[in-house]
1. Of all the residues that make up the range 85-101, how many are touching a helix residue (DSSP H, G or I) at 6+ places or on another chain (Cβ under 6 Å) and not polar (S, T, N, Q)?
Amino acid sequence: MTGADIVETAAAAGNFNTLVAAVTAAGLAETLKGPGPFTMFAPVDEAFARLYPGTLEALLKPEHAAMLRNILKYHVVKGRLMAGDIRKLDSVGTVQGQNLVISVAHGEVMVESAQIIERDIVASNGVIHIVDTLILPK
């Protein structure tokens with residue numbers, strides 16, 4: 001297990017610059033640096049880049065912090081769920097309050113419409129699974 005928390009692990013990876021900026025703008029950095037444990041389905045920078053032009057910029061504004069916080073909390077689950085655990089589930093509750101639907105298609109684990117493209121990145125207070133798409137609450 002690494003000594004770095006989820007936020008530090010994401011920042012060090014280099015492909016979560018937008019996620020780290022969003023977590024900070026939403027006021028969630030301190031929570032995700034807390035004891036946890038947490039499981040984060042972390043969208044890569046390319047996932048944010050695929051949003052409709054101007055969407056990310058708008059979400060990062062202070063007046064939209066609550067909406068951004070809601071979206072980001074939809075990517076976080078309480079507890080440490082490794083890939084083997086997730087594969088056995090049909091859904092999992094998020095800290096945002098809604099459930100994420102889990103499915104396996106052609107051997108690939110899907111979280112809603114996002115594919116887990118890298119698994120089990122362990123941090124001191126949880127685990128990160130990289131997803132290829134930003135998952136939006138219903």
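1. Going through the range 85-101 one residue at a time, the tally reaches 1.
Listed here are the residues, each with its yes/no results for (1) touching a residue at least 12 places away in the same chain (Cβ under 8 Å); (2) surrounded by 21 or more Cβ atoms within 10 Å (Cβ to Cβ); (3) over 18 Å from Val95 (Cα atoms); (4) not hydrophobic (A, V, I, L, M, F, W, C).
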{"residue": "Ala4", "(1), (2), (3), (4)": "yes, no, yes, no"}
{"residue": "Val7", "(1), (2), (3), (4)": "yes, yes, no, no"}
{"residue": "Asn15", "(1), (2), (3), (4)": "yes, no, yes, yes"}
{"residue": "Ala21", "(1), (2), (3), (4)": "yes, no, yes, no"}
{"residue": "Leu32", "(1), (2), (3), (4)": "yes, yes, no, no"}
{"residue": "Phe38", "(1), (2), (3), (4)": "yes, yes, no, no"}
{"residue": "Phe41", "(1), (2), (3), (4)": "yes, yes, no, no"}
{"residue": "Leu51", "(1), (2), (3), (4)": "yes, no, yes, no"}
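Every read-out reported here was derived from the displayed coordinates using simple, explicitly stated rules and does not represent laboratory data. All values reported here derive from a predicted model rather than from experimental measurement. Positions of Cβ are backbone-derived with ideal geometry, glycine not excepted, and every protein chain shown enters the neighbour counts.
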